[in-house]
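The values are calculated or read from the model by the stated rules, or taken from the named source; none is laboratory data. Just so it is clear, the structure is predicted and the values come from calculations on it, not from any experiment. In this analysis, Cβ positions are derived from the backbone assuming ideal geometry, glycine residues included, and neighbour counts consider all displayed protein chains.
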Amino acid sequence: MGNFRELQKCRLCTGEFYKTSVKLKDSPLANELYPSRELSLVADTFALEIVMCTECKHIQLKHIVDPGRLFSDYIYASGTSVTFKSHFNKLAEEISKLIPGGLALEVGSNDGTLLEALKDQGITTIGIEPSEYLAKMSENKCDFIYHNFLNETLCRDILEMHGPIDLVVGNNVFAHIDDLMEAFKNVTELLRTDGYFIFEVAHVLSLVNDHLFDTIYHEHMSYHSVTALEPILRKIGLNLIEVEEIETHGGSIRVICQKSQTKSPASSSVINILMKEGIAKLNSDVWMQEFNEYMKVLLQKTNDAVSNFPEDTIWFGYGAPAKAVTFINEFNLASLNIRGIIDDNPEKQKKFLPVSGIGVVARDELLRELNKFPSKSEFACIIFPWNLSDEIVEKLPNLDGKTIRAVWFLPTFKERRINK
């Protein structure tokens, strides 16, 4: 297909790749939902493989799909999760202490959840969002919104309109950018001298240690480690101040930088994480060899867990994030005849996951179907966004007193019986 390309060199330093890689099954685009089951069953699939640079140790997707196709119609909305709203409120409080009454810009501002929290703290807010749907959702939550990708022309326009920025923030967006080095340079250009750059990304250490293969999908072009980030940020004039380990997305890092040509000594938090990454062998390809071996074990564990359910179990799901598509595709969970996946985002409802053809539905719609089954029926709900399992368990529907076995497979298999 013409709308993807294969990387030959590292996207950060143009170094060579190790020969070892982590290669999953060819996969559809995880956020490309379809209006009919017939269309979903014939969705395009692309190679899904992560590689590692022998020089800078950056871990990245090898096959890159056109970002226009990936993100122009992106519909994931942060505000549908209570957990993420609380997370962003706390982040806004921390930012307000760094730049009280200042000017903040968010790259990939999504539905404006963080921008709104920042505005409530008295900060002037600017958002950049490539999805037209999400940009419109943000309009009344911030002071300025730009429906665009981060690029040199837009940065020039923003500087002319608003002047240098006090703080640039990006949450779970700097894994999604093809030309990552150019993006970091654009951020540096936007910042005033001594301005701050804060970004949160999934920590590849969690992917490696907990074998979170379902966080590998085409929208995630980079898999970040401090080992790879620190020298690259320093090279473009961003001084790494601190790295915080946070719980979002099953294990992330919040990277805090300041625009400065003077390098400060590494903080204890940076030294600690670099040590952890070294123990996990993120400075060589050994981790990939071990990861590939464990994938066989994980497949067997998943099959064993499923086999403990009666054959006539009625399966459904809750949450249709990108990781659901990778998990279903890699372990062929479509064979369970999943009745549907509940999702709280109205824009996902009445659509179908690519290749598997599983429908995404509103909670009440699936509830009506499930209540038609006899009282002795066995019900099992797969919670695909396992990082939000506690929140989702509380949302599980009441099936007229019937018991639901709620399960999630990562980081380890867990089951909870629900009887409302």
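Restricting attention to segment 254-283, the residues that are of a type in the set (D, E, K, R), crowded, with 18+ Cβ neighbours inside 10 Å and in a helix (DSSP H, G or I) add up to 1. Are any residues in segment 56-93 basic (Lys, Arg) and at pLDDT 85 or above, and if so, which ones? Result: Lys57, Lys62, Lys90. Each residue in segment 315-358 was checked for being among the small types (Gly, Ala, Ser), modelled with pLDDT of 95 or more and farther than 22 Å from Glu391 by Cα, and 2 pass.
No other residue among Ile358, Ile383, Ile338 is aliphatic (A, V, I, L, M), under 30 Å from Ala47 (Cα atoms) and in contact (Cβ under 8 Å) with a residue 60 or more places away in the chain apart from Ile383.
I want to confirm something. Restricting to segment 120-135 and keeping residues that are assigned to a loop (DSSP other than H, G, I, E, B) and either charged (D, E, K, R) or touching a Phe, Trp or Tyr at 6+ places or on another chain (Cβ under 8 Å) (or both), which single residue is surrounded by the fewest Cβ atoms within 10 Å (Cβ to Cβ)? Only one residue fits best here, namely Ser131.
Against the criterion of being of a type in the set (Phe, Trp, Tyr), farther than 30 Å from Gln8 by Cα and either surrounded by 23 or more Cβ atoms within 10 Å (Cβ to Cβ) or in contact (Cβ under 8 Å) with a residue 24 or more places away in the chain (or both), Tyr146 does not qualify. Of all the numbered requirements in (1) assigned to a helix (DSSP H, G or I); (2) loosely packed, with under 14 Cβ neighbours inside 10 Å, Glu330 misses one, and that requirement is (2). Under the condition of being of a type in the set (S, T, N, Q) and either closer than 14 Å to Tyr217 by Cβ or in contact (Cβ under 8 Å) with a residue 12 or more places away in the chain (or both), the residues counted in segment 315-335 number 2.
Against the criterion of being farther than 23 Å from Met221 by Cβ, assigned to a helix (DSSP H, G or I) and free of Cβ contacts under 8 Å to residues at least 60 places away in the same chain, Glu182 does not qualify. Only a single criterion out of (1) closer than 30 Å to Val204 by Cα; (2) without any contact (Cβ under 8 Å) to a residue 12 or more places away in the chain is not satisfied by Trp408, namely (2). Taken over segment 361-404, residues that are among the basic types (Lys, Arg) and either surrounded by 17 or more Cβ atoms within 10 Å (Cβ to Cβ) or within 16 Å of Asp214 (Cβ to Cβ) (or both) amount to 1. Checking each residue in segment 194-235 for being closer than 15 Å to Lys57 by Cα, polar (S, T, N, Q) and part of a helix (DSSP H, G or I) picks out only Thr227. Here Leu12 fits the description: within 19 Å of Phe199 (Cβ to Cβ) and assigned to a loop (DSSP other than H, G, I, E, B). Being out of contact with any Pro (no Cβ under 8 Å at 6 or more places or on another chain) and closer than 19 Å to Val107 by Cβ is a description that does not apply to Phe213. For segment 349-360, the count of residues that are surrounded by fewer than 17 Cβ atoms within 10 Å (Cβ to Cβ) and of a type outside the set (Lys, Arg) is zero.
Checking each residue in segment 30-55 for being hydrophobic (A, V, I, L, M, F, W, C), buried (at least 19 other Cβ atoms within 10 Å of the Cβ) and either at pLDDT 95 or above or farther than 19 Å from Ala202 by Cβ (or both) picks out Leu33, Ala43, Leu48, Ile50, Val51, Met52, Cys53. Go through (1) within 21 Å of the chain's Cα centre (by Cα); (2) in a loop (DSSP other than H, G, I, E, B); (3) within 19 Å of Gly340 (Cβ to Cβ) and name the single condition Ile392 misses. Of everything listed in (1) within 21 Å of the chain's Cα centre (by Cα); (2) in a loop (DSSP other than H, G, I, E, B); (3) within 19 Å of Gly340 (Cβ to Cβ), Ile392 misses just condition (2). Comparison of Leu240, Leu229 shows that the only residue that is over 17 Å from Ala175 (Cβ atoms), touching a strand residue (DSSP E or B) at 6+ places or on another chain (Cβ under 8 Å) and either crowded, with 23+ Cβ neighbours inside 10 Å or of a type in the set (A, V, I, L, M, F, W, C) (or both) is Leu240.
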